[in-house]
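These notes concern the structure reproduced below.
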Amino acid sequence: MIIDGREVDARGTLLETVLALGIDLPHLCKDDNLPPIGACRTCLVEADGRIVAACHTPADGIQEVRTTSERVLEIRRAILRLTAGMHGPVQDRAGGPRSSEIWAAYESHGIDWPSHPWRVRTGLDTSSPFFVFDEQPCILCGRCVAACQQLQHIGAIGIAWTATAAQVTAGTGVPFAASACTACGSCVAACPTYALRPKLSTGTPAGGRRPDGT
Ligand code: FES
(Lines give C-alpha, C1' and ligand atoms only; values in the text may rest on other atoms or scores of the structure.)
Protein backbone atom coordinates (compact mmCIF):
# COMPACT_ATOMS: atom_id res chain seq x y z
CA MET A 1 0.00 0.00 0.00
CA ILE A 2 1.10 3.56 -0.65
CA ILE A 3 0.29 6.16 2.00
CA ASP A 4 1.12 9.77 1.17
CA GLY A 5 3.72 8.50 -1.28
CA ARG A 6 5.32 6.02 1.12
CA GLU A 7 5.15 2.27 0.64
CA VAL A 8 4.03 0.40 3.76
CA ASP A 9 2.59 -2.94 4.84
CA ALA A 10 -1.11 -2.85 5.60
CA ARG A 11 -1.96 -3.58 9.22
CA GLY A 12 -5.45 -3.79 10.71
CA THR A 13 -7.40 -0.68 9.83
CA LEU A 14 -6.31 2.27 7.74
CA LEU A 15 -6.05 4.32 10.93
CA GLU A 16 -3.67 1.82 12.53
CA THR A 17 -1.53 1.76 9.39
CA VAL A 18 -1.49 5.55 9.10
CA LEU A 19 -0.64 6.10 12.77
CA ALA A 20 2.14 3.49 12.61
CA LEU A 21 3.78 5.72 10.01
CA GLY A 22 3.78 8.60 12.48
CA ILE A 23 1.18 10.56 10.53
CA ASP A 24 -0.84 12.85 12.77
CA LEU A 25 -4.40 11.99 11.72
CA PRO A 26 -7.19 13.10 14.09
CA HIS A 27 -9.34 10.29 15.48
CA LEU A 28 -11.39 11.90 18.18
CA CYS A 29 -13.83 9.06 18.83
CA LYS A 30 -11.34 6.17 18.49
CA ASP A 31 -9.78 5.00 21.74
CA ASP A 32 -6.55 3.04 21.39
CA ASN A 33 -7.97 0.27 23.59
CA LEU A 34 -11.45 -0.03 22.15
CA PRO A 35 -13.16 -0.92 18.86
CA PRO A 36 -14.07 2.00 16.56
CA ILE A 37 -17.26 3.93 17.24
CA GLY A 38 -17.31 5.79 13.93
CA ALA A 39 -19.07 8.85 15.34
CA CYS A 40 -16.81 11.84 14.76
CA ARG A 41 -15.61 11.48 11.13
CA THR A 42 -12.43 13.38 11.94
CA CYS A 43 -10.35 10.45 10.67
CA LEU A 44 -11.45 10.72 7.05
CA VAL A 45 -8.86 9.89 4.40
CA GLU A 46 -8.90 9.42 0.65
CA ALA A 47 -8.51 5.71 -0.12
CA ASP A 48 -8.36 4.68 -3.77
CA GLY A 49 -10.30 7.82 -4.62
CA ARG A 50 -13.04 7.34 -2.02
CA ILE A 51 -13.44 9.33 1.18
CA VAL A 52 -13.62 6.84 4.05
CA ALA A 53 -13.33 6.82 7.84
CA ALA A 54 -9.89 5.37 8.52
CA CYS A 55 -10.81 4.02 11.96
CA HIS A 56 -13.17 1.37 10.68
CA THR A 57 -11.91 0.73 7.16
CA PRO A 58 -9.77 -2.43 6.83
CA ALA A 59 -6.39 -1.65 5.31
CA ASP A 60 -6.27 -4.90 3.41
CA GLY A 61 -7.04 -4.45 -0.27
CA ILE A 62 -6.52 -0.68 -0.38
CA GLN A 63 -3.85 0.40 -2.86
CA GLU A 64 -3.34 4.08 -2.13
CA VAL A 65 -4.23 6.37 0.77
CA ARG A 66 -3.90 10.13 0.82
CA THR A 67 -4.29 11.87 4.17
CA THR A 68 -3.48 15.38 3.02
CA SER A 69 -5.03 15.77 -0.41
CA GLU A 70 -6.82 19.11 -0.81
CA ARG A 71 -10.10 17.25 -1.15
CA VAL A 72 -9.87 15.32 2.11
CA LEU A 73 -8.33 18.20 4.04
CA GLU A 74 -11.22 20.44 3.04
CA ILE A 75 -13.73 17.85 4.26
CA ARG A 76 -11.90 17.27 7.55
CA ARG A 77 -11.73 21.03 8.13
CA ALA A 78 -15.48 21.30 7.55
CA ILE A 79 -16.11 18.50 10.05
CA LEU A 80 -13.84 20.10 12.62
CA ARG A 81 -15.63 23.43 12.16
CA LEU A 82 -18.93 21.68 12.85
CA THR A 83 -17.38 20.00 15.88
CA ALA A 84 -16.15 23.39 17.07
CA GLY A 85 -19.76 24.53 16.98
CA MET A 86 -20.49 22.10 19.79
CA HIS A 87 -17.28 22.45 21.67
CA GLY A 88 -16.94 26.16 22.39
CA PRO A 89 -13.95 27.92 23.95
CA VAL A 90 -14.70 26.80 27.50
CA GLN A 91 -11.09 25.80 28.04
CA ASP A 92 -10.04 29.41 27.59
CA ARG A 93 -12.71 30.58 29.99
CA ALA A 94 -11.90 27.87 32.53
CA GLY A 95 -8.18 28.48 32.22
CA GLY A 96 -7.48 24.89 31.16
CA PRO A 97 -4.61 23.82 28.96
CA ARG A 98 -4.91 23.50 25.21
CA SER A 99 -3.39 20.06 25.35
CA SER A 100 -6.38 17.90 24.53
CA GLU A 101 -6.68 15.93 21.31
CA ILE A 102 -9.30 18.24 19.91
CA TRP A 103 -7.09 21.29 20.21
CA ALA A 104 -4.31 19.47 18.39
CA ALA A 105 -6.76 18.68 15.58
CA TYR A 106 -7.93 22.30 15.37
CA GLU A 107 -4.39 23.57 15.21
CA SER A 108 -3.12 21.02 12.69
CA HIS A 109 -6.05 21.88 10.40
CA GLY A 110 -5.79 25.64 10.76
CA ILE A 111 -9.25 26.04 12.28
CA ASP A 112 -9.80 29.73 12.93
CA TRP A 113 -10.45 29.40 16.60
CA PRO A 114 -12.69 30.81 18.07
CA SER A 115 -14.31 32.52 15.12
CA HIS A 116 -17.16 30.00 14.76
CA PRO A 117 -20.38 30.18 16.74
CA TRP A 118 -20.87 27.49 19.29
CA ARG A 119 -23.86 26.09 21.11
CA VAL A 120 -23.88 27.12 24.76
CA ARG A 121 -24.44 24.24 27.18
CA THR A 122 -24.17 24.90 30.87
CA GLY A 123 -24.28 21.44 32.47
CA LEU A 124 -21.55 21.11 35.08
CA ASP A 125 -21.25 18.15 37.45
CA THR A 126 -18.68 18.52 40.22
CA SER A 127 -20.20 15.86 42.47
CA SER A 128 -17.40 13.33 42.00
CA PRO A 129 -14.52 13.81 44.42
CA PHE A 130 -12.03 13.20 41.63
CA PHE A 131 -13.25 14.70 38.38
CA VAL A 132 -15.51 17.28 36.77
CA PHE A 133 -17.90 16.80 33.88
CA ASP A 134 -18.31 20.06 31.96
CA GLU A 135 -20.94 19.73 29.24
CA GLN A 136 -19.74 22.60 27.03
CA PRO A 137 -16.61 20.95 25.59
CA CYS A 138 -18.35 17.56 25.17
CA ILE A 139 -18.64 16.53 21.51
CA LEU A 140 -20.68 13.39 22.24
CA CYS A 141 -18.00 11.16 20.73
CA GLY A 142 -18.99 8.32 23.06
CA ARG A 143 -15.48 7.41 24.19
CA CYS A 144 -16.32 7.89 27.87
CA VAL A 145 -19.38 5.69 27.53
CA ALA A 146 -17.40 2.96 25.77
CA ALA A 147 -14.60 3.11 28.34
CA CYS A 148 -17.08 2.81 31.21
CA GLN A 149 -19.05 -0.01 29.61
CA GLN A 150 -16.51 -1.98 27.59
CA LEU A 151 -13.26 -1.46 29.51
CA GLN A 152 -14.54 -1.24 33.07
CA HIS A 153 -17.87 -3.06 32.65
CA ILE A 154 -19.54 -0.58 34.97
CA GLY A 155 -22.02 1.17 32.70
CA ALA A 156 -22.38 4.28 34.83
CA ILE A 157 -22.45 6.64 31.83
CA GLY A 158 -24.72 6.87 28.81
CA ILE A 159 -25.87 9.34 26.19
CA ALA A 160 -29.43 10.44 26.84
CA TRP A 161 -31.85 12.15 24.50
CA THR A 162 -31.27 12.81 20.82
CA ALA A 163 -30.31 15.50 18.32
CA THR A 164 -29.53 18.87 19.95
CA ALA A 165 -30.83 17.61 23.32
CA ALA A 166 -28.32 14.73 23.42
CA GLN A 167 -26.05 14.75 26.43
CA VAL A 168 -23.74 12.52 28.43
CA THR A 169 -25.44 11.51 31.64
CA ALA A 170 -24.56 9.43 34.66
CA GLY A 171 -27.08 6.77 35.63
CA THR A 172 -30.57 7.92 34.80
CA GLY A 173 -29.65 11.57 34.90
CA VAL A 174 -28.32 11.76 38.43
CA PRO A 175 -25.05 13.41 39.53
CA PHE A 176 -21.98 11.22 39.04
CA ALA A 177 -21.60 10.78 42.80
CA ALA A 178 -25.11 9.30 43.00
CA SER A 179 -24.56 6.88 40.12
CA ALA A 180 -22.71 3.56 39.83
CA CYS A 181 -19.52 5.52 39.01
CA THR A 182 -16.50 4.23 40.93
CA ALA A 183 -14.31 7.19 39.92
CA CYS A 184 -11.90 4.79 38.20
CA GLY A 185 -10.82 7.52 35.81
CA SER A 186 -11.27 5.56 32.56
CA CYS A 187 -13.72 8.11 31.19
CA VAL A 188 -11.42 10.99 32.08
CA ALA A 189 -8.50 9.27 30.33
CA ALA A 190 -10.64 8.61 27.24
CA CYS A 191 -12.08 12.11 26.85
CA PRO A 192 -10.47 13.92 23.88
CA THR A 193 -11.83 17.35 24.74
CA TYR A 194 -11.22 17.87 28.44
CA ALA A 195 -14.96 17.82 29.16
CA LEU A 196 -14.17 15.15 31.72
CA ARG A 197 -11.11 16.28 33.60
CA PRO A 198 -9.42 15.66 36.93
CA LYS A 199 -10.29 18.05 39.71
CA LEU A 200 -6.65 18.77 40.34
CA SER A 201 -6.18 20.14 36.82
CA THR A 202 -5.97 23.87 36.19
CA GLY A 203 -9.21 23.69 34.23
CA THR A 204 -11.30 22.80 37.27
CA PRO A 205 -13.88 25.49 37.83
CA ALA A 206 -13.38 26.87 41.32
CA GLY A 207 -16.28 26.11 43.62
CA GLY A 208 -18.11 24.33 40.85
CA ARG A 209 -18.44 27.46 38.75
CA ARG A 210 -16.71 28.78 35.69
CA PRO A 211 -15.11 32.22 35.82
CA ASP A 212 -18.11 33.68 33.98
CA GLY A 213 -20.40 32.59 36.80
CA THR A 214 -22.25 29.78 35.01
FE1 FES B 1 -13.01 7.56 12.93
FE2 FES B 1 -14.17 9.06 14.80
S3 FES B 1 -12.15 8.34 14.75
S4 FES B 1 -15.05 8.30 12.97
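The values are calculated or read from the model by the stated rules, or taken from the named source; none is laboratory data. It should be emphasised that the depicted structure is a prediction, and the values quoted were computed from it without experimental measurement. For neighbour counting, all protein chains shown are included, and Cβ atoms are generated from backbone atoms with ideal geometry for every residue, glycine included. Just the protein is used for accessible areas: all its heavy atoms, side chains included, with ligands, DNA and RNA removed. Shrake-Rupley method; radii C 1.70, N 1.55, O 1.52, S 1.80 Å.
As I understand it, the value is the acute angle between the Cα axis of helix 70-87 and the longest principal axis of the Cα atoms of the chain; what does it come to in degrees, rounded to 10? Helix 70-87 and the main axis of the chain meet at about 10 degrees. Remark: the chain carries 47 Å² of accessible area per residue (probe radius 1.4 Å; ligands, DNA and RNA excluded). Comparing E70, E46, E135 in a Gaussian network model of the chain, where Cα atoms under 10 Å apart are tied by springs, the biggest mean-square fluctuation is seen for E70. Spin-label model, K199 to D24: label points 7 Å out along the Cα-to-beta-carbon direction sit 3.4 nm apart.
Within the accessible surface of the chain, defined with a 1.4 Å probe on protein heavy atoms only, the carbon and sulfur portion equals 53 percent. Take the Cα of Q152, step 7 Å toward its Cβ, do the same at A104, and the gap between the two points is 2.3 nm. Using 0.36 nm per residue and subtracting the Cα-Cα separation, the extra length available between A178 and S69 on full extension is 34.4 nm. Look at where the Cα atoms of segment 153-205 and of segment 18-40 average out, and the two centres are 21 Å apart.
Considering only C138, C184, C148, the mean-square fluctuation computed in a Gaussian network model of the chain, springs between alpha carbons under 10 angstrom, is largest for C184. Working from Cα pairs under 8 Å separated by at least six residues, relative contact order for the chain is 19 percent. Computed over the chain, the P(r) tail beyond 25 angstrom holds 41 percent of alpha carbon pairs.
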